[in-house]
Number of protein chains: 2
Amino acid sequence: MEKWTQGWLAYRPVKEAGNAQLAGSMKLTGFDREHPIVQNAVSEFCRGIKGMLGISTVLACSGEPGKGVSVERRQEIPAEGYHIQETGGVVNLYASDEAGILYGIFHILRLIAMEEALAGIDAACRPDNPLRMYDHWDNLDGSIERGYSGNSFFFQDNKILVNERTRDYCRLAASVGINGVVINNVNVKEAATWLITERYLGQLGKMAELFAGYGIRLFLSLNFAAPIELGGPDSADPFDGKVTDWWRQKIAQVYEAVPELGGFLVKADSEGRPGPFTYGRTQADGANMLADLVRPYGGIILWRCFVYNCTQDWRDTKTDRARAAYDNFIGTDGDYRDNVILQIKNGPMDFQIREPVSPLFGALQKTNQMLEVQIAQEYTGHQIDVCYLVPMFKEALDFNTCAGCPSRNTCTGDAACCDKRSTVADVVSGRTMHNRNAGLCAVCNTGSDENWTGNDLAGANFYGFGRLAYDTGLTAAEIAEEWIRLALSNDREVVDTVRRILLTSRETYEKYTSPLGIGWMVTPMLHYGPSVDGYEYSRWGTYHRADWQGIGVDRTKQGTGYAQQYANPNASLYDCAETCPEELLLFFHHLPYQYRLRSGKTIIQHIYDSHFEGVEEVEEMIACWKKLAGKVEERTFENVSERFARQLENAREWRDQVNTCFYRKCGIPDEKGRQIY
Amino acid sequence: MEKWTQGWLAYRPVKEAGNAQLAGSMKLTGFDREHPIVQNAVSEFCRGIKGMLGISTVLACSGEPGKGVSVERRQEIPAEGYHIQETGGVVNLYASDEAGILYGIFHILRLIAMEEALAGIDAACRPDNPLRMYDHWDNLDGSIERGYSGNSFFFQDNKILVNERTRDYCRLAASVGINGVVINNVNVKEAATWLITERYLGQLGKMAELFAGYGIRLFLSLNFAAPIELGGPDSADPFDGKVTDWWRQKIAQVYEAVPELGGFLVKADSEGRPGPFTYGRTQADGANMLADLVRPYGGIILWRCFVYNCTQDWRDTKTDRARAAYDNFIGTDGDYRDNVILQIKNGPMDFQIREPVSPLFGALQKTNQMLEVQIAQEYTGHQIDVCYLVPMFKEALDFNTCAGCPSRNTCTGDAACCDKRSTVADVVSGRTMHNRNAGLCAVCNTGSDENWTGNDLAGANFYGFGRLAYDTGLTAAEIAEEWIRLALSNDREVVDTVRRILLTSRETYEKYTSPLGIGWMVTPMLHYGPSVDGYEYSRWGTYHRADWQGIGVDRTKQGTGYAQQYANPNASLYDCAETCPEELLLFFHHLPYQYRLRSGKTIIQHIYDSHFEGVEEVEEMIACWKKLAGKVEERTFENVSERFARQLENAREWRDQVNTCFYRKCGIPDEKGRQIY
């Protein structure tokens, strides 16, 4: 097996660090060896130990004494949690369920791969978020919407694939604690509508079974208009008895063939997709209809909040796409069944390099919520440009919504005042509302490319999202370091260099692309490369409103009022240019180019400076990367080098187009007299 | 047969105007009744007379006296010409060849359709241009590059279609004097490369035979790299003996199956297409290699001059796409075989609504030249917007290149000085160089739509180009009137209204789109609808260079030097902003928004005014058209009304985006205070 295709589970030989003896045997107590998850955990352990330490693990009989790994059921361990504790040469792994065992085994393998000694370990882990999901935007023809790593490995030519790569995918996902996967694109069209018919149910059953062996529930994206398109009643009205009857039968049929199915993800009333609005029903009406029908099977409904007017008139400065999710959903708070989860994008627009956190988080006080992020780099470099996104996800999770805080109007922002379990992390973990149906999901960045993610370094996002979803307390640096050591090398120079590259990459990307939170300015449709006015006169609601005097969208009380969708103190903070976080300044305010930032720089000079800096930073990254020749696998070195070359070209194009375009708009020269065209 | 699908050959009942008796019989002298062209001519005559006058034509025996049409061979009539002369109740039609007969018959039918009396007619006609061609950009899969009238009727699913529609197409083409047709896209890719293989030769032969029956020679677009792609030698070097041997055999094979083939059209070294430059050879080397091989079969090679750098850097202000055709070809003047024709687009860029005439015309003094225009409305409204293009073609033909004129440096532009047979019309008709391989071609605007051209009114371009190519002396208004009376109605109100719409339509389109010759500003790739900066930072060499101060491309001596590619006095006329024709001002000059035009208006005010006017003119057109309800066929009325509604929306979008974008750039308000966003 080619190591390069194994991501962070390559299991390359490592220094044994005293681990060889401890990993030489394994004993199971209280778990059924025939349970698929246990089988997979044991087999993964043997494979990892063999690869890394060169030894074959002895599967010891229950009750036998001596050194080694001892797996034991302990009912008091939380679901999907585990406790690893070394005592007297025995590495005890306790868990209450099979998934806990699997995660614990991956934890042990991770430590070995990182050349950490198992001796003395005492680690109790439990997932911070109940649901930890990858959402794939794979189409049945094998294409991937916003995929930058080749084709789908779930679908090809309208057929479902279940093969060794599916298993490898499950191993990677499970190794970072993923427990749910949506395999098909939220835009359910053409053959995808047929996924819930006999044509596909057999293969889906096989896939779901394979997934289940790794603690992963399979989910499907659903076409809300399926009754119509599949020849049922000529309606999708959730209040129409014929429609619900159709769905009841359909869901029964699906669950009979795929009993492990986790449920359905629905993008309704969005970007041309059908939904309950068509029939004058609320989003809750639509979601609840399905939720009631999947409940008997333990299913849940993930309902996306990405509902907005995508045929806006650019002349209309009152309508604000940023407001849409909140405006469309806030009125239904509390109307949803407990097996519905609203899936909310991190920001109010669409996965830009910098956005404020969606004001729906926290504002919804009686509704299950899930944070949706995107590791597919749609707007963040297409896995050509390196852009490590875990810091962005951390920011979103750390954001204090201040919702439900009695002192929020006088909030000083200090810990005493703000520790009300009202961060996004609190909300989506279930801590705020004590709910189980909550969590995180990421639009996934994988494909049929041998290295899974196009750019090898994009593996850090694939890895990092899962780790963060399981253990939100990890820092972005810690996750980066883990991934580097697992996927690339334990060599100190490699670790330090790549970690530095990863940790600065998001700011670098931001610097050479759109400034101060304004977003967009990308090539229409493609979403790679600059086009300053590319979306300015479009129907998508994504404008910067730049003219010869200034730039930005007024989302204050005087403008679209979007800032007021937040609880205080955030609302007032955003509403005032002086207090607004500067990285979001132009998201909230229309300001003259000569407006001075806290640094003393004008906005226009900031634009020039940051764009020159961004390119310089890419050049520095490349120089650093070049020094790693011979220290990482050659294919990785070549892959990343080739991507960096394209990133540099992209960064230069952004720099020159953005600087030139703004210079041509305002006529204010760069103070430093650098080349602008 | 549905009249609507017959274009201007609908042969609706008309007032007989004394023609019934004259058209009641036909007699042939000196022509073989079995000749396919003669057969088709006679059959067309009978069909037309039956449809229009309701009578069946008697085919009289040779020598029989009496009233009627008498067709007779007269060797002194020029090729493809004819003489129609009524004397004593006999309408004599003289011609020296069968094509002349066919054209003469169509002439007679046209007069009858227009309710003109044949009595007293005495019309001697001959084609002004030897070659009069439609070029189709049809792909073998049935799509049409830049087609706005449905799919191809020549190809479907990689098969060649020869059916009744093919015949109808030939009838339409022949009725306006077309004598050559290129059936496939100049971008010869995929299956099209196989057109010259056994797979297609049988069907091509049938099609060529059908075409020949209407005096039309079939041409094919050729892939210069065919030897490589069809498994011949791994080269397309015209100096490589193996390559020429391959071509010799290939061409022999093609002509054996398709003896009527006119020759080949080649787009080489252009927009990614292969060509002689790849092998360090000149364009002449490439063209001559093929010309020598088709010569034995009477074939000719049409060689496109659309060669330019399509991966330009927008930062580069020295490279000028407008210069490219001249720069690439002028050095080869006189190097071409006499059966090669250089096919030159009317303007130096690419079929914009306003361009100067290509400076290659006239500058090439020893090379066959052909004018290429586009009736497919790629940049002129996609056959949604009405845009009658004959006036534009007239302008190009009337342009005096002043080449070869000894007094051109002191030219005053008056007739005495300028009548040196150096207009574009002189060059492409063969009058300047006394050559036969010359003429006009148009990228055609037809497709599988029932009405052939998407918008019924676009039929005027389909008709008009052919008429103009045959008889360049016709005015745009005369051609418009003919088409209206043939295709729509002889009703005076219809004729006057539609003629006015057609004759103003190009200026109207120009007003609401890109101003003063600057061009582009269209949605990238699509080429419909505005995007002011859409191509500004692209690789296509199509820039307007607008900033906060001014707009335009400096193509003077101080700039790219393009203006100097013209002979004087044009060169100096264009080089100076004060003498440059204002409709081309920004094509040649970069000027401040406050620059005053001869009208006293500033450029920016002209932009605002013309854009508001353009929309108002569309509204007026629509009001005029509405009055024709009931006076034209209902399907035509509905078709044009629906297109007008879309045109109006398009025009408003152009107006608002262009005005807003320039206002946002310069901050200069509209003097009239109208709505700009």
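The values are calculated or read from the model by the stated rules, or taken from the named source; none is laboratory data. Nothing here was measured: the structure is a model prediction, and the numbers come from that model. Glycine also receives a Cβ, built like all others from the backbone with ideal geometry; neighbour counts cover every protein chain displayed.
Need pairs with beta-carbon distance below 6 Å; first residue under 22 Å from B:Cys405 (Cα atoms) and within the range B:555-580, second at pLDDT below 95 and assigned to a helix (DSSP H, G or I); sequence gap 6+ or separate chains.
B:Ala567/B:Arg408; B:Asn568/B:Arg408; B:Asn568/B:Asn409
Regarding B:Ala442, is this residue under 30 Å from B:Arg337 (Cβ atoms), buried (at least 24 other Cβ atoms within 10 Å of the Cβ) and not assigned by TED's automatic domain parsing to the domain that holds B:Glu619?
yes
Keeping to the range A:59-89, report how many residues are touching a residue at least 24 places away in the same chain (Cβ under 8 Å) and closer than 20 Å to A:Leu111 by Cα.
The number of residues fulfilling the criteria is 14.
Out of (1) touching a strand residue (DSSP E or B) at 6+ places or on another chain (Cβ under 9 Å); (2) without any contact (Cβ under 8 Å) to a residue 40 or more places away in the chain; (3) more than 14 Å from every other protein chain (Cβ to nearest Cβ), what's the single condition that is false for A:Ile603?
(2)
Taking the range A:1-43 on its own, how many of its residues are closer than 29 Å to A:Asn461 by Cβ, hydrophobic (A, V, I, L, M, F, W, C) and within 33 Å of the chain's Cα centre (by Cα)?
The qualifying residues number 8.
Looking only at the range A:656-677, filter to residues that are surrounded by fewer than 16 Cβ atoms within 10 Å (Cβ to Cβ) and over 12 Å from A:Ile604 (Cβ atoms); which one of those is farthest from the other protein chains (Cβ to nearest Cβ)?
Only one residue fits best here, namely A:Lys672.
Which one of the conditions (1) in contact with a Leu (Cβ under 8 Å, 6 or more places away or on another chain); (2) surrounded by 14 or more Cβ atoms within 10 Å (Cβ to Cβ) does A:Met621 fail to meet, given that it meets all the rest?
(1)
Please work out if B:Lys511 is among the charged types (D, E, K, R), at pLDDT 95 or above and under 27 Å from the mean Cα position of the chain (by Cα).
So B:Lys511 passes the test.
In contact (Cβ under 8 Å) with a residue 12 or more places away in the chain and closer than 25 Å to B:Gly454 by Cβ, is that true of B:Glu642?
Criteria not met by B:Glu642.
For the range B:149-160, name all the residues that are part of a strand (DSSP E or B) and in contact (Cβ under 8 Å) with a residue 24 or more places away in the chain.
Hits for the range B:149-160 are B:Phe155, B:Lys159, B:Ile160.
Name the single residue that is farthest from the other protein chains (Cβ to nearest Cβ) among those in the range B:541-564 being buried (at least 23 other Cβ atoms within 10 Å of the Cβ) and in a helix (DSSP H, G or I).
Among them, the one singled out is B:Ala563.
With respect to A:Glu653, is the statement that it is in a helix (DSSP H, G or I), free of Cβ contacts under 8 Å to residues at least 12 places away in the same chain and within 13 Å of another protein chain (Cβ to nearest Cβ) true?
Considered against the rule, which asks whether it is in a helix (DSSP H, G or I), free of Cβ contacts under 8 Å to residues at least 12 places away in the same chain and within 13 Å of another protein chain (Cβ to nearest Cβ), A:Glu653 comes out as no.
Looking at B:Arg110, B:Arg146, B:Arg132, which one is part of a helix (DSSP H, G or I) and in contact (Cβ under 8 Å) with a residue 12 or more places away in the chain?
B:Arg110
If a residue must be farther than 15 Å from B:Ser531 by Cβ and not in a loop (DSSP other than H, G, I, E, B), how many such residues does the range A:517-540 contain?
Number satisfying all stated conditions: 0.
Exactly one condition in (1) more than 14 Å from chain B (Cβ to nearest Cβ); (2) in a helix (DSSP H, G or I) is false for A:Leu628; which is it?
Going through (1) more than 14 Å from chain B (Cβ to nearest Cβ); (2) in a helix (DSSP H, G or I) one by one, A:Leu628 breaks only (2).
Of the conditions (1) in contact with a Lys or Arg (Cβ under 9 Å, 6 or more places away or on another chain); (2) within 30 Å of A:Tyr82 (Cα to Cα); (3) crowded, with 23+ Cβ neighbours inside 10 Å, A:Gly213 clears all except one; give me its number.
(3)
Which residues, counting only those in the range B:515-539, are free of Cβ contacts under 8 Å to residues at least 24 places away in the same chain and either more than 10 Å from chain A (Cβ to nearest Cβ) or surrounded by fewer than 23 Cβ atoms within 10 Å (Cβ to Cβ) (or both)?
B:Thr523, B:Pro524, B:Met525, B:Leu526, B:Tyr535
Restricting to the range B:303-346, give me the number of residues that are assigned to a loop (DSSP other than H, G, I, E, B) and in contact (Cβ under 8 Å) with a residue 40 or more places away in the chain.
So the count comes out to 19.
Does any residue of the range B:240-247 turn out to be more than 26 Å from the chain's Cα centre (by Cα), at pLDDT 95 or above, under 16 Å from B:Ser221 (Cβ atoms) and not in a loop (DSSP other than H, G, I, E, B)?
Looking for residues that are more than 26 Å from the chain's Cα centre (by Cα), at pLDDT 95 or above, under 16 Å from B:Ser221 (Cβ atoms) and not in a loop (DSSP other than H, G, I, E, B), one finds at least one in the range B:240-247, hence yes.
Residues in the range A:656-677 that are within 33 Å of the chain's Cα centre (by Cα) and without any contact (Cβ under 8 Å) to a residue 24 or more places away in the chain: how many?
Residues flagged as within 33 Å of the chain's Cα centre (by Cα) and without any contact (Cβ under 8 Å) to a residue 24 or more places away in the chain within the range A:656-677 amount to 1.
I'm checking my understanding of the structure. Among residues of the range B:422-459 that are out of contact with any helix residue (DSSP H, G or I) (no Cβ under 8 Å at 6 or more places or on another chain) and of a type in the set (Asp, Glu), which one is nearest to B:Ser149 (Cα to Cα)?
B:Asp449
Of all the residues that make up the range A:95-152, how many are surrounded by fewer than 21 Cβ atoms within 10 Å (Cβ to Cβ) and among the aliphatic types (A, V, I, L, M)?
8
Taking the range B:291-318, which residues are surrounded by 15 or more Cβ atoms within 10 Å (Cβ to Cβ) and among the polar types (S, T, N, Q)?
B:Asn309, B:Gln312, B:Thr317
Just checking, does the range B:491-501 include any residue being under 23 Å from the mean Cα position of the chain (by Cα), among the hydrophobic types (A, V, I, L, M, F, W, C) and more than 14 Å from chain A (Cβ to nearest Cβ)?
yes
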